[in-house]
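Report on the structure given below.
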Amino acid sequence: MLALLVLLLTSKPSLEYSSQSILYTGLASGSSIEMDKAFNYYATNTAFDNLINIINSRETQEEVAIRLLSQHLMLPKANPKFISQKLFEELKNKIPSELYEYVDTNSTNQENNKNDVATEVLFPSEINRESYEKTVKNLTDLMNSSNTNFVYELLNYEDEHYSLKAISSIKAMRISSSDLIKLSYTVNDPGICQQTLAIYNEVCIKNYKNIKENRSGSVVKYFESQLELSREKLKQAESKLLEFNKSYNIINYYEQSKAVAVVKEDMEVAYNNKKAELAGVKAATKRLEEKLNIQDQIQTKSTLVLEKKEKLGELNYEIAISEAESNNDEESIARIYDLKKQAENLTNEIRAGVDELYRYQNTLDGVPTSKVLPDWMNTVVQSENLKAEIQVMDQRNKDFQEQYEIYAPAGANIKRIEREISVSEQGYLEILHGLNLAKLKLQDSEMSANLKTIDPPFYPLTPIPTKRKILIIAAALLGGILILGIILVMEYFDDTLKNAKKASEILKLKPLGMIPKILLNPSTINPKYIHQRLVEIITQNIIQSLTTQHSENNTKTILCFSTQKMEGKTVLAGNIAKGLKENGKNVLVLNYNNEEQPINVQRKYSIIDKILGNQDPRIDFDNPFLANPSTYLDASEYHTYTIDKQFYKAKNYIDILNLNNIKLNYTPDYVIIELPALIYNNHPAELFANSDIDILVCRSNRLWAEADQTALNNLLPLSGEKMKFIVNGVELKEVESLLGDLPKKRSQFRKKVKNMFKFQFFSKNQL
């Protein structure tokens, strides 16, 4: 039935078409500007994950859906390459008329569609690229305007072509460990399948490129702005140093300061040497003057000479000052020349005066004046020269001290400014290096962001083979497994007595046999034979069981009882008596006086049961097997007794006969005594103790309750091994454990299948 249901439901299958496209990324093995860039497995996997997430992102899917919708809205008529006639009509019917206001139809230039592989796939000759882009923008703005417009609802509801759910079925996966990404799509129209993938390729390439370039471009802009700030800062520091050098007339501070220090040090040495030399000259002059004792004339001459000497000293001082301050111009040179000329004349006059003194040949000490006076004259002249030079050096020392006062703080300021320049310059170079790296990275990102479609989507001509056959077979198998599972579950949870084997496990007693249901329409060919044969087996088991017992009584007493009512004791007792009688035995059946009438409730056999193949549950109440024993036993063989207080004192069947005034004209071989239900009535204990065999009759379709077991346990000490049981009303198939295969009409196929399930592959029914 499940297979037929699937067959009907798939009578008009919806054919689906599949296409695929392959993108080259170059993320793993592509070229890079960074020559020393090493392969990083985790970074490559992360890059592929980012790309696949961008492909599967909602923004990408929304743009693809809007572009596909725009393409179909701009088509003047159905084109199988883009959309089939049927789906085009369905689209026209569900699109509201006001949506066409957002479709741009003003542009007529078709030149931008030529020589473009992508547009050849995406656009027919009727659609202009410029108009298409305007339409996409209009529909995107409409979708973002609210959540109640048609485009938003179309994308977010379950449309089979334009919804995000449909677009998200596009599968993106990396092909092994290569640089390739495969996109595949399956839908019920070949044109839509191809165009959706083509649009998806275009959108993915564009979005991925924008993300990569924008990310690297932001870094470049940051470094450019920081570089400009650093350049301005460096320029300010350099300008500050320039202004400082101008204000202090510094060309090269370190060379200038070094030169000043060297000159000052040399001057200090020379100054000290001159002072020492002057002190020595003064001492020598004093010693010479002490040796000279000149006459009054000499004193007068000496005074004149001294005056001229002082004047000569002044002229030498002026000459030294003029030479120190000389600018090498003509006026300075002429003045110095005049001063030197005057000094030379004055020196000649002094020498002339001294020559007069030379006339004195000897000093007071007897030293010749010609020897003392020249030495004295030289020391005096030398002394005056040294004094003039020392005065000039003192002035120069003052000038150097003033220069030192200027250079000392200037050095610290220059150091500070140079440090600022150095820091600014270092920062500028670092930012410049970062900018170069960012530009290199930007160029590298631009190269790696150039995805290429190496395998464009193809137009699928044949649909994907349907799984109808597989579904039908699967439905049939599922139905079989379901039925088998139900049977196994019912079998596992079935706690009824069911058959002799299961009842024996529950009751802990030995079985005598079992009797099937007496159905109105049994599945077997000869039900009468089956019932008769089962009764014969029960009878044979009773006789065999009584034969093994060593009893002095010739008459065997059989007690037939049950724990519940309506278990079929009367029918079984009568048929057992009938079977014993057929074996030539004299029988007597004693049944209690039962005033209750049996309830003949007949189940219905509906049409649904017939269709499902269920067995006919109706009972054949007219079957001779179910007849009352009084109808087929003689009047002397069947008697009823009354249950009263005296009944419970009965020890054997004779007491029952005497209590009920029953006279027999024969001696029975077997006496079958039927007792009422044990749960609802008491029982004569000595009767059970003196019986030869006790037969418990129980229905197969009942549960063995605790009350039943309690009633049975009370009898077991009295009955012991004599107690047996018969299962009544079992399913007809259960008796196969006693009779083998029942006589039914079976085809060879059914026999083979049955043998297969029983794992009897080589069994035969004849030699």
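How many residues are free of Cβ contacts under 8 Å to residues at least 12 places away in the same chain and either acidic (Asp, Glu) or on the phi > 0 side of the Ramachandran plot (or both) when one looks only at region 476-498?
Summing the residues that are free of Cβ contacts under 8 Å to residues at least 12 places away in the same chain and either acidic (Asp, Glu) or on the phi > 0 side of the Ramachandran plot (or both) in region 476-498 gives 2.
Name, by its number, the condition in (1) in a helix (DSSP H, G or I); (2) surrounded by fewer than 18 Cβ atoms within 10 Å (Cβ to Cβ); (3) in the same structural domain as PHE625 (by TED's automatic domain parsing) that does not hold for ALA503.
Only one criterion is unmet by ALA503, namely (2).
Quickly run through region 412-431 and pick out the residues that are of a type outside the set (Asp, Glu) and either exposed (fewer than 15 other Cβ atoms within 10 Å of the Cβ) or over 18 Å from LEU227 (Cβ atoms) (or both). Break it down stepwise before answering.
As a first pass, look at region 412-431 and keep what is of a type outside the set (Asp, Glu): 412-417, 419, 421-424, 426-429, 431.
Scanning region 412-431 gives ALA412, ASN413, ILE414, LYS415, ARG416, ILE417, ARG419, SER422, VAL423, GLN426, LEU429.
Where the second residue is acidic (Asp, Glu) and the first is modelled with pLDDT of 75 or more and lies in region 311-329, which pairs have Cβ atoms under 8 Å and are six or more apart or on separate chains?
LEU312/GLU384; GLY313/GLU384; ASN316/GLU384; ALA320/GLU389
This table checks each residue for (1) of a type in the set (Val, Ile, Thr); (2) surrounded by 17 or more Cβ atoms within 10 Å (Cβ to Cβ).
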{"residue": "LEU471", "(1), (2)": "no, yes"}
{"residue": "ALA476", "(1), (2)": "no, no"}
{"residue": "LEU484", "(1), (2)": "no, no"}
{"residue": "LYS510", "(1), (2)": "no, no"}
{"residue": "HIS531", "(1), (2)": "no, yes"}
{"residue": "VAL535", "(1), (2)": "yes, yes"}
{"residue": "ASN541", "(1), (2)": "no, yes"}
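Keeping to region 171-183, report how many residues are at pLDDT 90 or above and either assigned to a loop (DSSP other than H, G, I, E, B) or among the polar types (S, T, N, Q) (or both).
Final tally of qualifying residues: 0.
Within region 192-208, track down each residue that is over 18 Å from VAL136 (Cβ atoms) and either modelled with pLDDT of 90 or more or surrounded by fewer than 17 Cβ atoms within 10 Å (Cβ to Cβ) (or both).
CYS193, GLN194
Say we look at region 218-232 and pick out the residues that are of a type in the set (Ser, Thr, Tyr) and surrounded by 13 or more Cβ atoms within 10 Å (Cβ to Cβ); which of these is modelled with the lowest pLDDT?
Filtering region 218-232 down to residues of a type in the set (Ser, Thr, Tyr) leaves 218, 222, 225, 230.
From what is left, the residues that are surrounded by 13 or more Cβ atoms within 10 Å (Cβ to Cβ) are 222, 230.
Values: TYR222: 78, SER230: 82.
Ranking the qualifying residues of region 218-232, first place goes to TYR222.
Tell me, please, whether a residue that is touching a helix residue (DSSP H, G or I) at 6+ places or on another chain (Cβ under 7 Å), at pLDDT below 90, farther than 23 Å from LEU580 by Cα and not acidic (Asp, Glu) can be found in region 741-751.
Residues of region 741-751 that are touching a helix residue (DSSP H, G or I) at 6+ places or on another chain (Cβ under 7 Å), as a first pass: 742.
Those still in the list that are at pLDDT below 90 too: 742.
Next cut, farther than 23 Å from LEU580 by Cα only: 742.
Still in the running and not acidic (Asp, Glu): 742.
Yes, the conditions are met somewhere in region 741-751.
In region 149-165, which residue that is assigned to a helix (DSSP H, G or I) and in contact (Cβ under 8 Å) with a residue 60 or more places away in the chain is farthest from PRO96 (Cα to Cα)?
Just the residues of region 149-165 that are assigned to a helix (DSSP H, G or I), to begin with: 150-156, 164-165.
Okay, now just the ones that are also in contact (Cβ under 8 Å) with a residue 60 or more places away in the chain, so 151, 154-155, 164.
Details: VAL151: 10, LEU154: 12, LEU155: 15, LEU164: 20 Å.
Taking the candidates together, the pick is LEU164.
The values are calculated or read from the model by the stated rules, or taken from the named source; none is laboratory data. For clarity, every value in this text was computed on a predicted model and none was experimentally measured. In this analysis, Cβ positions are derived from the backbone assuming ideal geometry, glycine residues included, and neighbour counts consider all displayed protein chains.
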